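Notes follow once the structure below has been shown.
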Amino acid sequence: MNDRYSRQILFDGIGEAGQRRLNDARAVIIGCGALGTAQAEALARAGVGVLRVVDRDFVETSNLHRQTMFTERDARERLPKAIACAAHLAEINSEIRTEAEIADVNYSNVERIIDGCDVVLDGTDNFATRYLINDACVKHKINWVYGAAVGSYGVTMTVRPHSTPCLRCIFEEAPPAANAPTCDTAGVIMPIISIVGAVQVGEALKLLTGHVEKLHGSLMQFDVWNNEWRRIKLESPTPECKTCGLGRFETLDADAVDFATALCGRDAVQLSPRNSTRIDLAALAERLRSSGEVQINPYLLRLRAGEYELTVFQDARAIIRGTEDVPTARSLYARYVGN
């Protein structure tokens with residue numbers, strides 16, 4: 001054990017044995033936004049041996065007030081969040097290994113993404129992806145830590161498949177979209193990110209060092225503006241839960257997948273190809289020069305065409321800004337990228 005972790009080792013809950021377990025551990029963080037970057041930095045500094053960070057988006061200026069891993073340069077260069085996060089983690093702790101994956105987590109890749117990991121942390125911003133994580137983790141008996149934050153309110157719970165309730169046990173269905181506030185409609189302040197992220201990381205450290213008896217075992221809710229803190233004690237998994245009770249993993253079924261998603265509050269639609277592929281971004285850039293303003297980096301291409309902006313990733317996924325209409329987005333994709 002080197003001096004880097006000496007103060008952490010002095011803590012009775014970790015010690016030298018716990019630190020070795022952390023150094024040998026593998027964690028996956030899905031979503032490199034506000035919660036995800038807070039989790040990634042804390043786990044890197046704690047010495048978790050392998051961190052895989054996964055995100056589909058790129059850095060924008062509006063991220064910077066709460067997504068602490070990113071800089072103005074990352075936003076200017078529109079770096080993919082996973083790439084920018086991994087680069088900063090390498091400067092924080094060169095002793096660990098960081099794996100960056102630019103991907104939209106979906107039924108076709110989630111099981112591969114979490115394969116071989118010891119814990120999954122939720123840094124996402126939507127229930128569709130959380131149900132996907134829940135199905136995959138319950139199926140493969142991998143512990144995961146749910147978390148969400150909007151405005152000044154946050155919530156988190158830890159799922160140990162078949163030992164605790166899973167996400168479907170607590171939230172059988174996703175909240176109606178029109179009734180669920182988002183960061184784009186209600187805003188968000190940094191203190192709630194810090195609190196939820198810290199609790200998630202604390203739970204992950206307990207899991208990775210084998211101290212499951214210290215887990216809080218509840219649905220924890222916080223409101224830092226209204227000074228409200230609440231714990232709802234969790235009991236046993238629900239026998240009739242279709243995920244952990246009945247073993248139905250609906251989100252992992254290709255027939256249930258919608259590959260076009262309106263990004264709430266962003267006037268944008270994300271399109272993902274049904275089959276995995278890779279695009280030659282340089283060749284596409286040359287083809288699109290006469291269609292509008294083109295910017296390119298090694299990870300993505302951006303085209304401004306009239307009132308629309310298309311950001312195309314290497315895996316052929318695209319985010320089309322300027323519309324929330326899926327047919328319009330598909331038409332633009334077909335026009336500029338191809339079928």
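The values are calculated or read from the model by the stated rules, or taken from the named source; none is laboratory data. Predicted, not measured: the structure shown is a model, and the values here were computed from it. Cβ coordinates were reconstructed from backbone atoms using ideal geometry, including for glycine residues, and neighbour counts include every protein chain displayed. The protein model used for the area step is the full one, side chains on, heavy atoms only, and it has no ligands, DNA or RNA in it. Shrake-Rupley method; radii C 1.70, N 1.55, O 1.52, S 1.80 Å.
All conditions in (1) closer than 20 Å to Arg66 by Cβ; (2) modelled with pLDDT of 95 or more; (3) not small (Gly, Ala, Ser) hold for Thr185, with the sole exception of (2).
Residues of region 225-243 that are part of a loop (DSSP other than H, G, I, E, B), open to solvent by less than 100 Å² (accessible area, probe 1.4 Å) and under 30 Å from Gly151 (Cβ atoms): Asn226, Leu234, Thr238, Cys241, Thr243. Among the candidates Ala148, Ala136, Ala128, the residue that is surrounded by 18 or more Cβ atoms within 10 Å (Cβ to Cβ), of a type in the set (A, V, I, L, M) and in a helix (DSSP H, G or I) is uniquely Ala136. For region 233-256, the set of residues classified as among the aliphatic types (A, V, I, L, M) and within 12 Å of Ala136 (Cβ to Cβ) consists of Leu252 only. Of the residues making up region 164-178, those that are open to solvent by 20 Å² or more (accessible area, probe 1.4 Å), in a helix (DSSP H, G or I) and either in contact (Cβ under 8 Å) with a residue 12 or more places away in the chain or among the charged types (D, E, K, R) (or both) are Arg168, Cys169, Ile170, Ala177. Applying the condition of being under 12 Å from the mean Cα position of the chain (by Cα) and within 17 Å of Glu203 (Cβ to Cβ) to region 20-34 and asking which residue is modelled with the lowest pLDDT yields Gly31.
I'm trying to understand the selection: among the residues of region 75-95, which are crowded, with 17+ Cβ neighbours inside 10 Å, out of contact with any helix residue (DSSP H, G or I) (no Cβ under 6 Å at 6 or more places or on another chain) and free of Cβ contacts under 8 Å to residues at least 60 places away in the same chain? Selection gives Lys81, Ala82, Ala86, His88. Quick one: in region 294-320, which of the residues that are farther than 20 Å from Asp74 by Cα and part of a strand (DSSP E or B) is farthest from the chain's Cα centre (by Cα)? It comes out as Ala305. The single condition from (1) aliphatic (A, V, I, L, M); (2) open to solvent by less than 10 Å² (accessible area, probe 1.4 Å); (3) outside any helix (DSSP H, G or I) that Ala40 fails is (3). Counting the residues of region 54-68 that are among the hydrophobic types (A, V, I, L, M, F, W, C) and surrounded by fewer than 22 Cβ atoms within 10 Å (Cβ to Cβ) gives 1. If you go through region 151-163 and keep only what is modelled with pLDDT of 95 or more, surrounded by fewer than 24 Cβ atoms within 10 Å (Cβ to Cβ) and touching a strand residue (DSSP E or B) at 6+ places or on another chain (Cβ under 7 Å), you end up with Ser152, Tyr153, Val155, Arg160. Against the definition (without any contact (Cβ under 8 Å) to a residue 40 or more places away in the chain and crowded, with 16+ Cβ neighbours inside 10 Å), how does Leu300 come out, yes or no? Considered against the rule, which asks whether it is without any contact (Cβ under 8 Å) to a residue 40 or more places away in the chain and crowded, with 16+ Cβ neighbours inside 10 Å, Leu300 comes out as no.
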